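Asker: Here's a structure for you.
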Amino acid sequence: MTASTKKTIIVSGPTGCGKTSTSIEIGKKLKANGIESVIVNFDSLCFYKELNIGTAKPTKEERAQHPHSLIDIVSIQDDFNSSHFINLAEQEIEKLHSNGIIPILVGGSAFYLRALVKGMYETEATPDSIKKEIEEIAKKDRLPGLVKKLEELDPQAMEALHPNDEYRITRALEHCMTTGQKWSEQKKLKDEIDPYDLENNIDKDWEIFHIYLNLSKEEHYPLIENRARKMVESGLVEEVQKLLKQGYTGEEKAMGSIGYKEVVAWLGEETQNKESLIDQIFIHTRQLAKSQRTFFNKIHPKIEFHPLHDQEKVQSEALKFATH
């Protein structure tokens with residue numbers, strides 16, 4: 001593989017659509033035809049060592065079937081964000097390309113994928129003094145205080161963000177307070193180059209084959225509900241209890257993810273009904289899948305495959321891409 005043919009496969013799709021098994025089978029197919037590949041995770045929850053059952057990360061048995069990277073790389077107590085991910089992912093992908101190995105990027109975190117392929121909004125490192133100031137606002141007035149502050153500094157940015165999206169509101173505040181410039185203005189400049197066009201990416205040498213797994217709601221929802229039930233039956237509650245006993249508070253950013261936040265809340269209830277817990281996880285996962293579809297529908301180019309019916313086609317198309 002030359003520098004001008006940095007082949008890169010992406011396997012994306014909403015949560016619970018079979019990305020892990022599909023990527024492993026693609027890797028096996030390539031291997032059987034003499035082509036080396038490594039599955040590179042871009043699912044944000046799979047980065048964390050302590051979170052296993054609720055993340056549906058590839059099991060040890062699955063990882064033994066094909067090489068994986070960027071899984072179990074940080075602790076939930078670490079300050080880990082998209083810029084940290086990009087630094088690690090770029091190093092890993094460059095290493096693979098330079099050795100003639102095809103990276104298979106796999107995950108459902110569309111924001112991380114776009115940030116990696118398209119680049120992030122340029123910003124300066126946030127001084128500790130500004131981070132502290134923002135933390136004080138959050139401590140005193142919680143999320144409404146952060147919203148009010150961003151409305152003062154950059155009302156257009158706040159209009160574009162969901163009022164419950166504390167992470168992006170905080171990032172926008174950090175940018176405004178650090179640079180003295182509006183986050184919305186930089187976003188506008190970035191949007192002018194089509195933020196959803198993965199073909200026009202920051203590394204012009206990448207040749208991307210984007211596999212998007214999708215299926216109807218009628219087919220998908222039972223899979224999501226079954227996965228929520230399996231997580232609880234496999235020990236998700238016990239996993240959370242163990243983490244709390246180890247000194248974690250449940251307030252960590254990663255613990256606010258679907259599955260974990262529901263269990264933390266459920267443990268504080270007087271009446272604990274596991275069916276209601278499963279139902280809450282199912283509802284919130286279903287909502288996540290809807291938002292993921294909305295995002296991925298905008299991203300192009302991509303080829304859509306049905307994860308249950310198109311497995312042979314996916315593998316043959318991936319092999320064709322790798323060998324042409």
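All of the numbers you see were taken from the coordinates with simple rules; none came from a lab. Given the structure is predicted, the values throughout are model-derived calculations rather than measurements. Neighbour counts are summed over all protein chains in view; Cβ atoms, including those assigned to glycine, are modelled from backbone coordinates with ideal geometry.
Asker: Cα atoms only: what Rg and Dmax, in Å, come out for the range 220-289?
Answerer: 11.8, 36
Asker: Of all DSSP beta bridges in the chain, what percent run antiparallel (nearest 5)? Intermediate values should be presented prior to the final figure.
Answerer: Working: 0 of 22 bridges.
Among the beta bridges of the chain, antiparallel pairing accounts for roughly 0 percent.
Asker: Report the GluC sites (Glu not before Pro) located in the range 60-147 that are in a DSSP loop and have at most 16 other Cβ atoms inside 10 Å of their Cβ, or state none.
Answerer: Passing both the DSSP loop test and the Cβ count: GLU122, GLU124.
Asker: Determine how many Å³ per residue the convex hull of the Cα atoms of the chain encloses.
Answerer: On the way: hull volume 46.8 nm³, N = 324.
Enclosed volume per residue, from the Cα hull, is 144 Å³.
Asker: Between Rg and the Kirkwood Rh of the range 95-173, both from Cα atoms, what is the Rg to Rh ratio? Walk me through the numbers before you get to the answer.
Answerer: On the way: Rg = 17.0 Å, Rh = 15.0 Å.
The Rg/Rh ratio comes out at 1.13.
Asker: So what is the orientation-averaged projected area of the range 128-190, using the convex hull of its C-alpha atoms, in nm²?
Answerer: Over every viewing direction, the Cα hull of the range 128-190 projects on average to 3.9 nm².
Asker: I need two numbers for the range 1-41: Rg to one decimal and Dmax as a whole number, Cα atoms only, in Å.
Answerer: Considering the range 1-41 through its Cα atoms, Rg and Dmax are 11.7, 35 Å.
Asker: What is the sum of charges around LYS313, taking Lys and Arg as +1, Asp and Glu as -1, for the other residues whose C-beta is under 12 Å from the C-beta of LYS313?
Answerer: On the way: positive: LYS29, LYS320; negative: GLU25, GLU304, ASP310, GLU312, GLU317.
Taking every other residue near LYS313 into account, the sum is -3.
Asker: Right, here's the next one. Taking the Cα atoms of the range 1-79, report the difference between the largest and smallest coordinate on each principal axis, in whole Å and largest first.
Answerer: Result for the range 1-79: principal-axis Cα extents of 40, 25, 24 Å.
Asker: Let me ask something else about it. Please state the relative contact order of the chain as a whole percent: Cα pairs under 8 Å, 6+ residues apart? Spell out each step's value before the answer.
Answerer: Values: 418 pairs, mean separation 92.7, N = 324.
Value for the chain: 29 percent.
Asker: Summing -39500 (n - 2.57) over the DSSP H runs of n ≥ 4 in the chain and dividing by its residue number, what mean residue ellipticity at 222 nm do you reach, to the nearest 500 deg cm²/dmol?
Answerer: On the way: 13 runs with 174 residues, N = 324.
Per the formula, -17000 deg cm²/dmol.
Asker: Right, here's the next one. Tell me, what ³J(HN,Hα) does each residue in the range 62-71 have, in order and in whole Hz, if you take phi through Karplus 6.51 cos²θ - 1.76 cosθ + 1.60 with θ = phi - 60° and put x for Gly and Pro?
Answerer: 5, 5, 6, 7, 7, x, 10, 9, 6, 10
Asker: Right, another one. Once you've got the Cα coordinates, tell me which of LYS131/LYS188; LYS60/LYS230; LYS148/LYS217; LYS57/LYS95; LYS139/LYS217; LYS149/LYS217 are over 29 Å apart. The partial results should precede the final answer.
Answerer: On the way: LYS131/LYS188 25 Å; LYS60/LYS230 17 Å; LYS148/LYS217 37 Å; LYS57/LYS95 23 Å; LYS139/LYS217 40 Å; LYS149/LYS217 39 Å.
Among LYS131/LYS188; LYS60/LYS230; LYS148/LYS217; LYS57/LYS95; LYS139/LYS217; LYS149/LYS217, the Cα-Cα distance tops 29 Å for LYS148/LYS217; LYS139/LYS217; LYS149/LYS217.
Asker: Hand me the trypsin sites (Lys or Arg not before Pro) from the range 197-296 located in a DSSP loop with no more than 11 other Cβ atoms within 10 Å, in residue order please.
Answerer: On the way: sites: LYS204, LYS217, ARG227, ARG229, LYS230, LYS242, LYS245, LYS253, LYS261, LYS274, ARG286, LYS290, ARG293; in loops: LYS204.
Passing sites in the range 197-296 are LYS204.
Asker: Just to confirm my numbers, what's the Cα centroid distance between the range 211-228 and the range 1-78 in Å?
Answerer: 19 Å
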